[in-house]
Amino acid sequence: MRRTLILAAALLAAVAACGAPSSGGGTSALKIMAPAAPGGGWDTTSRTAEQAFKSADPNLKVEVYNVPGAGGTIGLTQLVGEKGNGNLLMTMGLVMVGAIEQNKSQVTLAETTPIAKLTEEYEIVVVPANSPFQTLQDLATAWKTDPAKVAVAGGSAGGTDHILAGLMAKAAGVDPKLVNYIAHSGGGEALNSLLGGKVAIGISGIGEFAEHVKSGKLRALGVSSPDRLESIDAPTLKEGGLDVELANWRGFVAPGGLDDAAKQSLTDLVTKMHDSAAWKDAVAKNGWIDVFQTGQPFADYLNSESARVKGIIAEMGLVS
Amino acid sequence: MDSLQLLLDGFATAFTPVNLLYALVGVTLGTLVGVLPGIGPAMTVALLLPITFNVPPASAFIMFAGIYYGGMYGGSTTSILLNTPGESSSMITALEGNKMARRGRAAQALATAAIGSFVAGTIATALLVVAAPLVVDFAISFGPEDYFALAILAFTAVSSVLSRSVVRGLASLGIGLVIGLIGIDQQTGQARLTLGIPQLLDGIDVVVVAVGLFALGEVLYVASRLRHGHPEVIPVGRAFMGRSDWARSWKPWLRGTALGFPFGALPGGGAEIPTFLSYSVEKRLAKGREFGEGAIEGVAGPEAANNASAAGTLVPLLTLGLPTSATAAILLAAFQQYGLQPGPQLFDHNPALVWGMIASLFVGNAMLLVLNLPLAPVWARVLHIPRPYLYAGILLFAALGVYALNASWVDLVVLYLLGLIGFAMRRFGLPLAPAVIGLILGPMAEIQLRRALAIGAGDATVLVTSPIAAILLTLSALILAAPLVRRILSRRKREALRT
């Protein structure tokens, strides 16, 4: 039993040291909530930012903790409950906007204080190498003829990939409700369906498929960015005749009820973090696109994205 | 020849003192997190990722691989001793393993698990070296209709573990299927059976169910009977495996390896299904002898299977960049953190890293054996702790592990509710295994069936036109028909004798 206790104590210590929520923290301690399990995009962004915050100001205490669940809406609920707390940031992004609609969340982003948009990643539309589709027009034609025959592989229902599928269908003149979307638990699983030739097209973040496009196992039909990207040889969706742009963006929000001074000091802190060399390095390393934006412009962006996502999710019949 | 040279270079990488130390840290940490329910290798690697940023990639991966293998082994210890599986892949081990422990054969159960894991891990790693490209082509050819057929096969194969009473077995299976339905439906994004509680939207974690039904249910049951007569005295037994234990173990080890490796490589296979299949294969081959009372075959086979599947998982990860388990997905993220993209080019561009990691798997495996074999008799003495203390400890352990999973109090409430269900199931003689099997196989069968039908645009014939699916479904039909045919044949024989 003593062995067991020692073991448990050691593990507890290990877990605590690795960033589980703890009650400590003076006035200068900043907490960053990653509303997802360790390992995902929000978690990576949070932990990268933690390092950059520390490099920008060595005296600053920063702590990341995870609140996983329900597309981030569990974390959002907790954040909203921290009204007036000026030492807390939550990493969030497009997926959360969709999850709020889909899960009929009791709280929304209107009850938070938008701080900054940090990064964007674009989506890529691919087909297996032996697919009859050579261009987006081939896809659009097949889609119009019989949407059920075009099986689309992507990530979770209502996520970025699904939203892009809906927007593309709409642009091609197909009812978004009729998209035959096959949800997978991640880019890897979707990749398997594509390589095995089980589905017609696949949609995911560029990073998930890029290597296989380069090796020739997949062919890129288009990317969801406004302009062509250096990292991959593919036309934009717009060039291909589908007037759609979509970025999987990520940023920070703080609890609601902050006065202007608290809001300003958080914004300054994040700006300093963004200007650090550590952040710039990490952005390049992860293949993110730096789209730093604070204050009113970010608040407006958040509103317009909410409206757009709400619209397409309703059109796809994803809200019961 | 070329690969052999590269593998030898890999051993040179793995055998540097620093990397040996990383491997040791990895397997030790892995064993520890495997023991604690809730914290698994995936979470451990994820939390270590930011810390290892400044460690050279080869060393970091050597450590991560150690954690992965160690976790697969550590889960079995609590399964066997306390009927408390630390990981979902060691649940089946609890069935026979805990019975063995109660008969005073805990040390043998732990030893067959340790040696079986070593044998399976070593053979599977060797297969990883030679057979990776072949296995990958096979794994990719699996479509949703094939996975559905596979789930059907698994359901039929494990029907033998349902219980002696079919009704009770089906009732337990039903409980598992219902728990599996809770959460957001993956295909449509709609919530099912969540009672408006947002924390239930992601479903109930398999680990919470396993710990609730097995561990908590056990604690409550023991507590309720504590004052009923004298507690049974657990005999001490011999410390090491005898000749007959070896004779009965080596075949299940090999069969478990053969099942586990290909399933690990399948993107939808996972570590649980091969353990179910291995258990039912061993039970059938043993013709029921001792099964249900602590048969060593029922520990040796599944333990080999779950370790072999861990090596199998590395095949699609390294050759295609395709993660097939939660831990593999985190390992993929780790590769990307170092600016490496696993896939066809990885073997050409970073041979030192890949072969160093493969070599370290062999080293880690040997370390695990050395670490765990002498500990088996020591661990076995845990059972001599007075039961009130022991079970209070389990209670604490279980709650701690489950809370660590998501730091959510809702999980704790769910855990205690499941504990009550587990208690009731024990009280009324419902077997636990079918509930867990339903929980794991049910959602898989559902999602793959719906995917297959959606891709086929509603045409149900897609389910049988794929050759793999056709073979698997035929096998299931044969398993179902076999007892019937046997009965008819024996009746004919009797009639023939009478005339």
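Report, to the nearest 10°, how far helix A:2-17 tilts away from the longest principal axis of the Cα atoms in chain A, using its own Cα long axis and a range of 0 to 90°.
70
Report, by chain and number, residues whose modeled amide H sits under 5 Å from the one on B:Arg192, excluding near sequence neighbours (fewer than 5 apart, same chain).
Residues meeting the amide H criterion: B:Gly183, B:Ile184, B:Asp185.
Taking H as built 1.01 Å from N, whose amide H comes closer than 5 Å to the amide H of B:Tyr338, not counting residues under 5 places away?
none
Using θ = phi - 60° and the Karplus form 6.51 cos²θ - 1.76 cosθ + 1.60, what ³J(HN,Hα) does each residue of the stretch B:114-127 get, whole Hz, x for Gly and Pro?
For the stretch B:114-127, the Karplus curve yields 5, 5, x, 4, 5, 4, 5, x, 5, 5, 5, 5, 4, 4 Hz.
Shielding by partners for B:14-22, please: the mean number of other protein chain Cβ atoms within 10 Å of each residue's Cβ.
Neighbouring Cβ atoms belonging to other protein chains average 0 per residue here.
Among A:Met92, A:Met273, A:Met33, which one shows the highest mean-square fluctuation when chain A is modelled as a Gaussian network with alpha-carbon springs under 10 Å?
For chain A, modelled as a Gaussian network with Cα springs under 10 Å, the answer is A:Met273.
Using modelled backbone amide H atoms (1.01 Å from N, in-plane), which distant-in-sequence or interchain residues come within less than 5 Å of B:Thr84's amide H?
Answer set, sorted by chain and number: B:Ser79.
Of the listed peptides A:191-199, A:253-261, what is their order by residue-averaged count of other C-beta atoms within 10 Å, with the highest listed first?
In descending order of packing, they fall as A:191-199, A:253-261.
How many Å³ per residue does the convex hull of the Cα positions in the stretch A:121-223 occupy?
Each residue corresponds to 83 Å³ of Cα convex hull volume.
How do B:363-376, B:477-490, B:454-467 rank on mean C-beta neighbours within 10 Å, highest first?
Ranked by mean Cβ neighbours within 10 Å, highest first: B:363-376, B:454-467, B:477-490.
Out of the trypsin sites (Lys or Arg not before Pro) in the stretch B:260-369, which ones are loop residues according to DSSP with at most 13 other C-beta atoms within 10 Å?
Filter output for the stretch B:260-369: B:Lys287, B:Arg289.
Under 28 Å between alpha carbons, and skipping anything fewer than 8 positions from A:Lys149 in its own chain: which lysines qualify?
Within the straight-line cut-off, A:Lys149 pairs with A:Lys170, A:Lys177, A:Lys198, A:Lys214, A:Lys217, A:Lys238, A:Lys310.
Lys/Arg Cβ at +1, Asp/Glu Cβ at -1, dipole of the stretch B:271-406 taken about the Cα centre: which of B:Leu373, B:Thr324, B:Gly292 is farthest positive-ward?
Positive-most Cα among the choices belongs to B:Gly292.
Pop out the ³J(HN,Hα) list for the stretch A:167-179 in order, Karplus 6.51 cos²θ - 1.76 cosθ + 1.60 with θ = phi - 60°, rounded to Hz; leave Gly and Pro as x.
Those phi angles translate into 5, 5, 4, 4, 5, 7, x, 10, 5, x, 5, 8, 4 Hz.
When Cβ neighbours within 10 Å are restricted to other protein chains, what is their mean count per residue of peptide A:189-201?
What the average comes to for A:189-201 is 6.
Work out the length of the dipole vector of the stretch B:242-299 about its Cα centre, built from +1 on the beta-carbon of each Lys and Arg and -1 on the beta-carbon of each Asp and Glu, and round it to the nearest 20 debye.
Numbers: 8 positive and 6 negative charges, 53 e Å.
So the magnitude is around 260 debye.
If you look at just the Cα atoms of the protein assembly as shown, how large are its Rg and its Dmax in Å?
So, for the protein assembly as shown, Rg and Dmax equal 26.8, 102 Å respectively.
So what J values fall out for the stretch B:466-483 if you push phi through Karplus, 6.51 cos²θ - 1.76 cosθ + 1.60 with θ = phi - 60°, rounded to Hz, Gly and Pro as x?
These are the phi-based 3J(HN,Hα) values: 6, x, 4, 4, 4, 4, 5, 5, 4, 4, 4, 4, 4, 4, 5, 7, 3, x Hz.
Name the residue from B:Gly422, B:Ala407, B:Leu361 whose Cα lies farthest towards the positive end of the charge dipole of the stretch B:352-475, charges +1 on Cβ of Lys and Arg and -1 on Cβ of Asp and Glu.
Farthest along the dipole direction, towards plus: B:Gly422.
What average count of beta carbons from other chains do you get within 10 Å of the Cβ of residues in B:405-413?
For peptide B:405-413, the averaged partner shielding equals 2.
Nearest 20 debye, what's the magnitude of the dipole of chain A about its Cα centre given +1 on Lys and Arg Cβ and -1 on Asp and Glu Cβ? Could you put the intermediate results ahead of the total?
Details: 26 positive and 32 negative charges, 176 e Å.
Here the size comes out at about 840 debye.
For chain B, what does the convex hull of the Cα positions come to per residue, in cubic angstrom?
180
Would you work out the charge dipole size for the stretch B:386-460 about its Cα centre, treating the Cβ of every Lys and Arg as +1 and the Cβ of every Asp and Glu as -1, and quote it to the nearest 20 debye?
Magnitude of the dipole: close to 260 debye.
Every number in this text was worked out from the coordinates using simple rules, so none of it is lab data. From a predicted model like this one, the values you see are computed outputs, not experimental measurements. Every residue, glycine as well, gets a Cβ built from its backbone with ideal geometry; the counts of neighbours run over all protein chains shown.
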